[in-house]
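All remarks here apply to the structure that follows.
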Amino acid sequence: MKSLSGQIKEWVNNNDWYSGGVLTNELKLNQRIGQEIRKVTFELDYHGQNIIARQVQESINRLLDRCRKIDEVCRKGCRTQEEYIELDFIRSRAIGLANELAELLEMVGSMQSHPKNGQDNWITFAEAASLLVVAKSTISKWADKGRFTDNGQTGRNRKLLKTSVLVVKQQIEDEDIQRDVEELRRDAARL
């Protein structure tokens, strides 16, 4: 997993995001890590770690979606400074998502190679509530609905996988950013 994580980071650093040639960002990413990601999710599913497998898959899907958006804007071209700023913003989000995916894969790799030593990978409901700036009861409800990966314990011993909490945090931030972008577009249309 760490080599896959390294491949993702290397791709982010070496990718020519704005080249609109034959190879799109989405295709380049799929060629680079697509098969390895499928292997990882299959192994996780096989070992009963379905929620983590789903998080990896959702993470790569969000990254591919951002790559698609970059490709679309590059094909269209930027006619205004605002369009270029939006393109650069999408690129920075894609880089952030790629780094989060790499971090998730590193954590999965460390959990598999050191299953007993992964204590720092698990956090309490209170810590999760603090990270997400929500009530502890909200964390409990979300955990019961399967939004987080937990350690299978009950009561005070129940902990959440820190990565799963960070993935939810990223989803919340993405939703907030999308609302902000839509609000900016409405404001710009009024001008």
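The values are calculated or read from the model by the stated rules, or taken from the named source; none is laboratory data. Because the structure is predicted, anything quoted here is derived from the model rather than measured. Counting neighbours? That spans all protein chains shown, and the Cβs are built from the backbone with ideal geometry, glycine included.
Values for this structure:
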item	result
Test: residue in the stretch 154-163 that is in contact with a helix residue (DSSP H, G or I) (Cβ under 6 Å, 6 or more places away or on another chain), modelled with pLDDT under 85 and part of a helix (DSSP H, G or I)	yes
Close pairs (9 angstrom Cβ cut-off, 6 or more residues apart or separate chains): acidic (Asp, Glu) in the stretch 66-82, surrounded by 11 or more Cβ atoms within 10 Å (Cβ to Cβ) anywhere	Asp71/Gly20; Asp71/Thr24; Asp71/Asn25; Asp71/Glu26; Asp71/Leu27; Glu82/Leu184
Qualifying helices (runs of 4 or more DSSP H) (wholly inside the stretch 1-104; at least 1 residues being among the aliphatic types (A, V, I, L, M) and closer than 29 Å to Leu191 by Cβ)	50-76
Sole exception among (1) surrounded by fewer than 19 Cβ atoms within 10 Å (Cβ to Cβ); (2) at pLDDT 90 or above for Asn117, by number	(2)
Hits in the stretch 28-50 - residues which are small (Gly, Ala, Ser) and either within 18 Å of Thr163 (Cβ to Cβ) or modelled with pLDDT of 90 or more (or both)	Gly48
